[in-house]
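The values are calculated or read from the model by the stated rules, or taken from the named source; none is laboratory data. Since the model is a prediction, treat every value here as computed from it, not as a measurement. Methodologically, a virtual Cβ is constructed for each residue, glycine included, from the backbone with ideal geometry; neighbour enumeration extends over all protein chains shown.
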Amino acid sequence: MIQLLINRYKRMRTERYLNETYQCQYAFVGMGQHSLTNLYPVLHYLQVPLKYICVTSERKAQLIERKFKGIKATTRLDDVLNDKDVKGVLVAASPSAHFSIASRVLQSGKSLFIEKPPCQSVAQLKALIAMQQASGSGVAMVGLQQRYAPAVQTLLRRLKGERLLNYDLHYLTGAYPEGDALLDLYIHPLDLATWLFGKGEIVSYLEIDEHSYILMLRHQDIVGTIELSTCHSWQDARQSLTVHTRSGSYHLAQCEELSFVPKQTAIAGIPMEKLFPLCQSVKYLYRHHNFSPILANNSIYTQGFFQEVSTFINAVEGKKANVLTDLQSVKPTLKLIDDIMG
């Protein structure tokens, strides 16, 4: 009996995956290491009808058509924008080119998924929003995948019932000579702060080294300190967030683990842990493990890449989709970057 139930569950799970088909056609602009590692695998898993891959190199276009059977490779964005069959365009090109590419996609009336950063400033973001409204483009999403990560979603739900005190956020990597660390890298921790706590105002700001900062932010219900640095190592790169509340402390480690430590009790202001030392209690709310290599344990899923891409595709197809990263929602993040850049 139990085996029959197990077999039925497995069959239903497989059939559910096979029934998830997509009718629209899509195009992808860009083919860098990030998109190859984190975005293309999701499209392949979902079996999204990808018609075009657009790149800047003729040589790369020839290699793409040899590697990806049935996909048209082009160096002309107009080929994509003039094709009425293409309903959605995913863009993960050079960050400095994102605004111009996003502008053309939105003006064409097609739906847009644009990797971070979508543009270079709040002024450019407002221009993109105006283009979307004027052209009637269906969906416009920004690739800030941490909002979709299961650990971040769990933390967001838990914080809604808490009285917040303060937080510490650290984002530490090695040197980043190939781009703008503020827009390309630090947009992630800054967006995490505004997503969890709302728009923030810079109370104090210190540039501790070139492209490395310590900030103090004030939000509506909490204050926090953020360290952004490329003075460390890529071999030990890390992002961590600790949120202190009246009931205890939450610790988020790189979207891979979320834990909670309850606050120790006190009687008449006397901390009982001083009188009766006890082992500290830690409750794990989310933990990524590699024992079972299923989708939910894949880093593409734990980091939120799978959810953001599938959300975009479902939204374009008119299916149920909870879009967390529309253009309007990114304003507080780009406002902070504007303020840091002065």
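Pairs are defined by a Cβ separation below 6 Å, a sequence spacing of at least 6 or placement on different chains, a first member in segment 221-241 that is closer than 19 Å to LEU258 by Cβ, and a second member that is in a loop (DSSP other than H, G, I, E, B) and modelled with pLDDT under 95; the pairs so defined are GLN239/GLN254.
The set of residues from segment 327-341 being of a type in the set (S, T, N, Q) and at pLDDT below 95 is empty. When LEU77, LEU81, LEU90 are checked against the criterion of being under 27 Å from the mean Cα position of the chain (by Cα), within 20 Å of ASN38 (Cα to Cα) and aliphatic (A, V, I, L, M), LEU90 stands alone in meeting it. Close contacts from segment 322-342, counting a first residue that is assigned by TED's automatic domain parsing to the domain that holds GLY200 and a second that is buried (at least 23 other Cβ atoms within 10 Å of the Cβ) and at pLDDT 95 or above, with Cβ to Cβ under 7 Å and a gap of 6+ residues or different chains, come to none at all. I'd like to know if segment 92-110 contains one or more residues that are surrounded by 16 or more Cβ atoms within 10 Å (Cβ to Cβ), assigned to a strand (DSSP E or B) and in contact (Cβ under 8 Å) with a residue 12 or more places away in the chain. No: segment 92-110 contains no residue that is surrounded by 16 or more Cβ atoms within 10 Å (Cβ to Cβ), assigned to a strand (DSSP E or B) and in contact (Cβ under 8 Å) with a residue 12 or more places away in the chain. Filtering segment 21-33 down to residues that are in contact (Cβ under 8 Å) with a residue 60 or more places away in the chain and surrounded by fewer than 16 Cβ atoms within 10 Å (Cβ to Cβ), which residue is farthest from VAL80 (Cα to Cα)? Filtering first and then ranking leaves GLY32. Among residues of segment 136-159 that are surrounded by fewer than 24 Cβ atoms within 10 Å (Cβ to Cβ), those with a beta-carbon under 6 Å from a residue that is part of a helix (DSSP H, G or I) and among the small types (Gly, Ala, Ser) at least six positions away or on a different chain give the pairs VAL139/ALA315.
All of GLN132, GLN120 fail the test of being assigned by TED's automatic domain parsing to the domain that holds GLY30, touching a residue at least 40 places away in the same chain (Cβ under 8 Å), among the polar types (S, T, N, Q) and closer than 24 Å to MET341 by Cβ, apart from GLN120. Tallying residues that are at pLDDT 95 or above and either within 15 Å of HIS170 (Cα to Cα) or touching a Gly at 6+ places or on another chain (Cβ under 6 Å) (or both) within segment 197-212 yields 0. Of the set (1) among the hydrophobic types (A, V, I, L, M, F, W, C); (2) surrounded by 18 or more Cβ atoms within 10 Å (Cβ to Cβ); (3) within 16 Å of the chain's Cα centre (by Cα), all apply to LEU217 but (3).
From the list SER240, SER233, the lone residue that is surrounded by 14 or more Cβ atoms within 10 Å (Cβ to Cβ), among the polar types (S, T, N, Q) and over 23 Å from LEU334 (Cβ atoms) is SER240. Just one of the listed residues (ILE64, ILE71, ILE53, ILE6) is at pLDDT below 90 and either touching an Asp or Glu at 6+ places or on another chain (Cβ under 9 Å) or hydrophobic (A, V, I, L, M, F, W, C) (or both), namely ILE6. The set of residues from segment 179-214 being surrounded by fewer than 14 Cβ atoms within 10 Å (Cβ to Cβ) and charged (D, E, K, R) comprises GLU201, GLU207, ASP209, GLU210. Where strands (runs of 3 or more DSSP E) fall wholly inside segment 128-245, the ranges with 2 or more residues that are over 20 Å from THR325 (Cα atoms) are 164-172, 201-209, 212-218, 223-229, 238-245.
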